[in-house]
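For reference, the structure is listed below as structure tokens.
None of the figures in this text is laboratory data; all of them are computed from the coordinates on show. Keep in mind the model is a prediction, meaning the values are calculated, not measured. Note that each Cβ is placed from the backbone with ideal geometry, even for glycine, and that neighbours are counted across all protein chains shown.
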């Protein structure tokens, strides 16, 4: 069955690691509760590629403009299809744990100006 993935790249100051991880754990619980197939939050570990064949790929750190004291995260949520993604996300956005008053005006533990998000059709799968 074809799958659909929402992917994210974000920059989190190391001092906010615990806050972001707590937020990500709530996200995982909530998305899976409403039917997402998988949910991953991945912290950059080996993200400064070396040149190969005379070409030096752009690093995630460079792309995200990460500074000293910041970490790059790559996160993704897997769905059955784009339609399934839209249905799950609609339920998540109405969930009281995600929309309660404690979230109003709460600053994010990452820089929203360097946050990237997109939906992707899976074309190769194991």
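Taking R0 as 30 Å, what's the FRET efficiency between residue 98 and residue 122 from their Cβ-Cβ distance, rounded to 0.05? After rounding to 0.05, the efficiency reads 0.75.
Among 99, 52, the ranking by other beta carbons within 10 Å of each residue's beta carbon, starting with the fewest, stands as 52, 99.
Just checking the listed ones, 92, 72, 12: in the Gaussian network model of the chain with Cα springs under 10 Å, the one fluctuating most is 92. From helices alone, the chain scores -9000 deg cm²/dmol at 222 nm; the rule is -39500 (n - 2.57) for each run of n ≥ 4 DSSP H residues, then divide by the residue total. With a Förster radius of 22 Å applied to the C-beta separation of residue 115 and residue 22, the computed FRET efficiency comes to 0.80. Once the Cβ-Cβ distance between residue 33 and residue 67 is put in as r, and R0 is 41 Å, what FRET efficiency do you end up with, to the nearest 0.05? Between residue 33 and residue 67 the formula returns 0.70. Only one item in (i) -0.54, -1.06, -1.18, -1.64; (ii) -0.54, -0.92, -0.99, -1.24; (iii) -0.62, -1.08, -1.16, -1.39 matches log10 I(q)/I(0) by the Debye sum over Cα atoms at q = 0.13, 0.18, 0.19, 0.23 Å⁻¹ derived from the coordinates shown, and that item is (iii). Among 20, 34, 117, the ranking by other beta carbons within 10 Å of each residue's beta carbon, starting with the fewest, stands as 117, 34, 20. Of the residues 14, 56, 82, the one that moves most in a GNM of the chain with alpha-carbon contacts below 10 Å is 56.
Each residue in 79, 8 was given a count of other beta-carbon atoms within 10 angstrom of its own, and listing them fewest first yields 8, 79. With contacts taken as Cα pairs under 8 Å and at least 6 residues apart, the chain reaches a relative contact order of 49 percent.
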